[in-house]
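The values are calculated or read from the model by the stated rules, or taken from the named source; none is laboratory data. Keep in mind that this is a model prediction, so the values were computed, not measured. No Cβ is skipped: glycine too gets one built from the backbone with ideal geometry, and neighbour counts run over all protein chains shown. Heads up: the accessible areas ignore ligands, DNA and RNA and are worked out on the full protein's heavy atoms, side chains in. Shrake-Rupley method; radii C 1.70, N 1.55, O 1.52, S 1.80 Å.
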Amino acid sequence: MSNHPAVRVDHIGIAVDSIETAEGVLFAFGCRKLIEESVEGRFRWAQYDFSRGASRLELITPEAEDTFLTKYLDEHGQGLHHVTLEVADIDAIAAKIKTAGLNVVEYREYDDWTEAFVPPSNPTGALFQLFEYHDSYDTGRPAKEKLYVDGERLSDE
């Protein structure tokens, strides 16, 4: 085990007005749809891959009138929204990020995952979502090969 927590790109998130309209572009690239879900009626997300267990893209669209995503689309239009990094230990990687002088904001723990964000005020200008899956994440969802890069959750082991 290295002294740096395990991290990998989980997916790239693209904000769109309509998943149904936008996903045709991804299908033209040869993507297959893996999963689509609503998050508490606030927004809907769908993930796609290139049938190789990695290189995943996500389309996100608002379902409610006043959400972070409606505000984002109003201000920026459709396009790249975030890069999600799957982390094996969110607390350890957040500490490393803070030690490097970067901000970690909106740390939230849910039943099935924990997330936090590195805001786009960082030198890359990109919004990074840090995402740690919990053991329960795959309960009641599609098979692990559709949920996780390479079919398994990331670990530090």
task: Could you calculate the FRET efficiency of residue 106 with residue 18 from 1/(1 + (r/R0)^6), where r is the beta carbon distance between them and R0 is 22 Å, rounded to 0.05?
output: 0.25
field: Amide proton proximity set for residue 104, modelled H, under 5 Å, gap of 5+
entry: none
task: Could you pull out every one of the lysines with an alpha carbon less than 16 Å from that of residue 98, ignoring same-chain neighbours closer than 8 positions?
output: none
field: Residue-normalised accessible area of segment 1-130, expressed per residue, 1.4 Å probe, Å²
entry: 55 Å²
statement: Largest-first ranking of 104, 9 by accessible area, probe 1.4 Å, whole protein assembly kept, is 9, 104
query: If you compute Cα extents along the principal axes in Å for the structure shown, which of (1) 72, 31, 24; (2) 45, 36, 34; (3) 44, 35, 28 do you land on?
result: (3)
task: With a 10 Å radius around each residue's Cβ, average the other Cβ atoms per peptide and rank 11-18, 140-147, highest first.
output: 11-18, 140-147
message: Please enumerate, by chain and number, the lysines with C-alpha under 24 Å from the C-alpha of residue 146, excluding those fewer than 8 residues away in the same chain.
response: 33
- line: For segment 20-31, in residue order, the Karplus 3J(HN,Hα) values (coefficients 6.51, -1.76, 1.60; θ = phi - 60°; whole Hz; Gly and Pro = x) are 4, 6, 6, 5, x, 5, 5, 4, 5, 7, x, 6
field: Rounded percent of accessible protein surface that carbon and sulfur make up, the chain, 1.4 Å probe
entry: 50 percent
Residues whose placed amide H lies under 5 Å from that of residue 31, excluding near-sequence neighbours: none
- prompt: Which peptide among 148-155, 126-133, 27-34 comes first, and what is the full order, when sorted by highest mean count of other Cβ atoms within 10 Å?
  reply: 126-133, 148-155, 27-34
query: Of all DSSP beta bridges located in segment 7-77, what percent are antiparallel, nearest 5?
result: 75 percent
- request: Return the aspartates and glutamates within reach of residue 71: Cα separation strictly under 15 angstrom, same-chain partners fewer than 8 residues apart disregarded; answer none if there are no such residues.
  value: 17, 63
